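Q: Here you go, one structure.
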Amino acid sequence: MFPLSKVLRVLFVLALCVPAFWSGTAAAQGVDPWRKTNERVFAFNDFFDQLLVRPVAATYTTFVPRFARQGIGNFFSNINDINVFVNDLLQLKFDDALSDSGRFFINSTLGLVGFIDVASGMGLEKNEEDFGQTLGFWGVKSGPYVVLPVFGSSNVRDSFGLVLDTLFNPIQYHDEAEVRLGLFVVEEIDTRASLLSLDELVSGDRYLFFREAYVQRREYLVNDGQVDNEFGDFDDFGGF
């Protein structure tokens, strides 16, 4: 089934962003011309996170054994390797594409549908690629920073990339809507749980902290690590 609901949510947000993007290209590179709106959306996301998502993630961490959480994380990481493989090819990284396709095949079989990461033990380390990075590889500028409802920090380029990432996620094509929703919720909870230990490292203005962490991390990924470190140790917070 076509993943219509999730794509429409992203496209709706992008529809609000596009007019300002085309009229503000002079301020598009690495800046925040929509800061007031972004701060409101960030405040909503942060409130929702503190009210519901974080407590659920903390409960999940408390009651789900570590080995089970690791297996769940491996399962979703294995599914993501399909997307990574496609973007390897689009970025002409053929050695990485061979490695990531090998990871998916090995973990999907020997790793019991991805719950066990056998491939990493065989030297096939996971790469991190998505359509936002692919667009950057082919020269598409990032555009202004934008905070998406629910999805969080992004920019115009990565927001469009998110639509493509969604289309290439096989979970979205499962026939049962309940299964798709359930897997999405479990993935989001597992991801949030993996970031709980970083919460105490957030300091100062939370909005600025997350913005600068995101901007630097994305620049780092798009350029395959070949960037100047303008923000000290922000590149350590890759999950934001």
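Q: Looking only at the range 164-193, count every residue that is modelled with pLDDT of 95 or more and polar (S, T, N, Q) and tell me the total.
A: 1
Q: Suppose we filter 132, 204, 161 for residues that are of a type outside the set (A, V, I, L, M) and at pLDDT below 95; which single one remains?
A: 204
Q: So, in the range 141-191, exactly how many residues are farther than 24 Å from residue 73 by Cβ, of a type in the set (D, E, K, R) and buried (at least 19 other Cβ atoms within 10 Å of the Cβ)?
A: So the answer is 1.
Table: residues versus (1) over 28 Å from residue 89 (Cβ atoms); (2) of a type outside the set (D, E, K, R).
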residue	(1), (2)
147	yes, yes
154	no, yes
157	no, no
164	no, yes
186	yes, yes
189	yes, yes
198	yes, yes
206	yes, no
219	no, no
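Q: So which residues in the range 130-159 are closer than 21 Å to residue 184 by Cβ, under 12 Å from the mean Cα position of the chain (by Cα) and not hydrophobic (A, V, I, L, M, F, W, C), if there are any at all?
A: 130, 132, 152, 153, 154, 158, 159
Q: Does residue 105 qualify as being in a helix (DSSP H, G or I) and either out of contact with any Phe, Trp or Tyr (no Cβ under 8 Å at 6 or more places or on another chain) or among the basic types (Lys, Arg) (or both)?
A: yes
Q: Residues of the range 34-58 being more than 21 Å from the chain's Cα centre (by Cα) and either of a type in the set (S, T, N, Q) or at pLDDT below 95 (or both), which ones?
A: 37
The values are calculated or read from the model by the stated rules, or taken from the named source; none is laboratory data. It should be emphasised that the depicted structure is a prediction, and the values quoted were computed from it without experimental measurement. Counting neighbours? That spans all protein chains shown, and the Cβs are built from the backbone with ideal geometry, glycine included.
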